[in-house]
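Read-outs: derived from the displayed coordinates by stated rules, not from any lab. For clarity, every value in this text was computed on a predicted model and none was experimentally measured. For neighbour counting, all protein chains shown are included, and Cβ atoms are generated from backbone atoms with ideal geometry for every residue, glycine included.
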Amino acid sequence: MTAVLLAIALAALLPASAHAAKKATAKAKAPISGPALETIVQDDGLLLYRPAAEVEAALLRIKQLGIDRVRITASWSSLTRAPESDVKPAGFDGADPAAYEQARWQGLDRAIRAIRGAGLKALVDIGFWAPHWATSDPPGPRARTDIDPREYAAFATAVALRYSGAFTPPAPSPTAPAPEPTQDERVIKELLQPLVPFPVPEPLAQPRGARAAQSGGAVAPHEPLPKVDRFILWNEPNHQGLLLPQWKADKRTPASPAVYRAMLRAGYAAVKQARPSASVLVGNTSSTGGRRGAGPVPPLEFLRELACVDARLKPRTTGDCANFTQLPGDGWAHHPYSQNERPSRVSKPKTERGDLRIADLPQLASTLDALAKMGRIAPANRRIYLTEFGYETKGIRGRPRVDERQQARWLTWAEYLADRVPAVRSFAQFLLRDQPPAPERVSQSGARPYGEYSTGLLHVDGSDKIAATSFLAGLFAQLQPKGRVLLYGRLRLGAGPKVIVLQRQVRGAGWKRLRRLKVDGRASFQRTFRHSPGTQYRLTYPSPAGKRTSGLALKPVRVGG
């Protein structure tokens, strides 16, 4: 699964020390509550290509859901000059944000302004695809073969400088013609055609100028762009839809790690030179491999090859690994999709070797830790950032069907599995609302030929799924040894103390209070209790409207599920 729905077609941050301290405490004794993982959401189709009022309304809904950060793509092939030409434009300095056609950046600029204006943080993918003049691809969309790392580094510099907090876009010339849409943009338009307007509350439905006048402000689009503090280098480089080649001619040896290694080194150095304090995540790997020699490289194998070690972590010193030096990075990003199977499902050691689903995160953490101790990767790359995840509620060929109630329950279960791995720093939700199928085929994907995605917390029309409610206050229950049950809760109710009541129901009798907790509204918590067979559990919490609300009732799962 690729990072954003467009990829199919073509497709409060807690200090690390505080989170690590909570994890260390958890090993000794589970705390009542503690710092929760940062939450990241992505919905490029909604935030980059819809009218301003819809973008603001979507961000208001994101804020209401207790989400901390919005991930968004800076698409190189859509933002640069002459992306379909085989020759780089003469005199074009790709590292200078003022050297680009500024009109091509309007959607991303507007989204970044709106994200920061809503009090949210941004995470920018310096991503796909590439202009043809920076690759060896033939004519057509999706240029991604043998990407020139120097040109990628120049683009990364431009993105970092543009969102440094000090760059003001040049005013467009009133006589300059609008730039022609690229091939990628034409396919994107086809993909997004079935999107219905996102519901806009009445105050946001007024023109922006009128809203600014009422509040005493003024619309000033040519003020400096906001500062972005975190970036990611590329997206799913172990997937053939985003980077080529994935395999060498022998169809046994991965090729993409060497291509990405050069991009990573050049891109990281470029961003750090431009913005030393910016955080730069690397990896951003997809969760599973495919048919060897043709499909994606399994993420664990990709990581080892990137760090120039073999399956036993023995260093390799020949070929592209000659003169290897430590890989830089400020954290490892990953997309631990479970392919619509239950969160506890681990990858099969023989047929799925090297895959990294949500239940495989301990293996990813231990591998990163070992590579850091060996000096193969920077110590900061021990930290794991989950930047994309979700469950689809519409049928996908070859995958189990997950209904809305399962989606709601499994998201909390998945976050519990992530939260119990000390290295993990964030949890992700891919899509605010579902993406309906395009009227015509837009992808070679057998699973989603029309670019459809149903991982959203909202339906296509913007109405809530069950998961939108459980995202505010979710509960997970797991059986423990000696007749005990673990209850894990995750709150996104806003800062400040909240009264949470844990309840149980024994064999269909009435709901009884089990425990009353007073915890911070942004916390996660866990407690263990005695368990009787046939008992189910739920929590009640104060909703944003001030009413006492009951969460989903659920039966506990067994360890391993």
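Would you order Cys321, Cys308 from fewest to most other beta-carbon atoms within 10 Å of each residue's own beta-carbon? Present the calculation step by step, with values, prior to reporting the outcome.
Details: Cys321 16, Cys308 23.
Going from sparsest to densest Cβ surroundings: Cys321, Cys308.
Return the FRET efficiency for the residue pair Ala509, Asp229: r is the Cβ-Cβ distance, R0 is 51 Å, and the value is rounded to the nearest 0.05.
0.50
Return the tail of the calculated pair distribution for the range 484-550, meaning the percent of Cα-Cα pairs more than 19 Å apart.
Summing the P(r) tail past 19 Å for the range 484-550 gives 32 percent.
Farthest toward the dipole's positive end in the chain, which of Val499, Leu514, Pro179, given Cβ charges of +1 (Lys, Arg) and -1 (Asp, Glu) about the Cα centre?
The Cα lying farthest towards the positive end belongs to Leu514.
For the chain, give the share of DSSP beta bridges that are antiparallel, in percent and rounded to the nearest 5; count only bridges with both residues there.
Percent antiparallel among DSSP bridges in the chain is about 55.
What is the sum of charges around Arg252, taking Lys and Arg as +1, Asp and Glu as -1, for the other residues whose C-beta is under 14 Å from the C-beta of Arg252?
Numbers: positive: Lys248, Lys251, Arg291, Arg292, Arg353; negative: Asp250, Glu301, Glu305, Asp310.
Within the 14 Å Cβ shell, the charges total +1.
Most exposed first by the Cβ proxy, i.e. fewest other Cβ within 10 Å, how do Val346, Val200, Val499 rank?
With the fewest neighbours first, Val346, Val200, Val499 line up as Val499, Val346, Val200.
Please report the spacing between the Cα centers of the range 489-561 and the range 348-393 in Å, no decimals.
Cα centres, the range 489-561 to the range 348-393: 30 Å.
Kindly flag which residue pairs out of Lys189/Lys248; Lys189/Lys251; Lys272/Lys314; Lys482/Lys518; Lys373/Lys518; Lys348/Lys498 have an alpha-carbon separation exceeding 32 Å in this structure.
As for pairs spanning more than 32 Å Cα to Cα, those are Lys189/Lys248; Lys189/Lys251; Lys373/Lys518; Lys348/Lys498.
With θ set to phi - 60° and the Karplus curve 6.51 cos²θ - 1.76 cosθ + 1.60, what are the ³J(HN,Hα) couplings of the range 534-541 in order, to the nearest whole Hz, using x for Gly and Pro?
x, 8, 10, 10, 7, 10, 10, 8
Rounded, prolate or oblate: which one fits the range 343-487, using the alpha carbon gyration tensor with axes a ≥ b ≥ c (rounded when a/c is under 1.5, else prolate when a/b beats b/c, else oblate)? If you can, show how the numbers build up before the last one.
Values: a/c = 1.90, a/b = 1.33, b/c = 1.42.
In terms of gyration-tensor shape, oblate.
Arranged from highest to lowest average of other beta-carbon atoms within 10 Å per residue, in what order do the peptides 415-421, 501-507, 232-238, 286-292 appear?
Working: 415-421: 22.0, 501-507: 16.4, 232-238: 28.7, 286-292: 20.0.
Highest mean packing first, the order is 232-238, 415-421, 286-292, 501-507.
In whole percent, what relative contact order does the range 484-550 give with Cα contacts below 8 Å and a gap of six or more residues?
About 40 percent, as a whole number.
For Ile232, which sequence-distant residues (separation of 5 or more, or a different chain) have an amide H within less than 5 Å of its own amide H, given hydrogens modelled in the peptide plane?
Those lying under 5 Å, H to H, from Ile232 are Val124, Asp125, Ile126, Leu281.
Any idea which of Val70, Val87, Val55 is furthest toward the positive side of the dipole for the range 27-96, if Lys and Arg beta-carbons carry +1 and Asp and Glu beta-carbons -1?
About the Cα centre, the residue reaching furthest to the positive side is Val70.
With charges only on Cβ, +1 for K and R and -1 for D and E, what is the dipole size of the chain about its Cα centre, in debye, rounded to 20?
3660 debye
Just want the ordering: Thr412, Thr367, Thr168, Thr325, from fewest to most Cβ atoms lying within 10 Å of their own Cβ.
In increasing order of surrounding Cβ atoms, one gets Thr325, Thr168, Thr367, Thr412.
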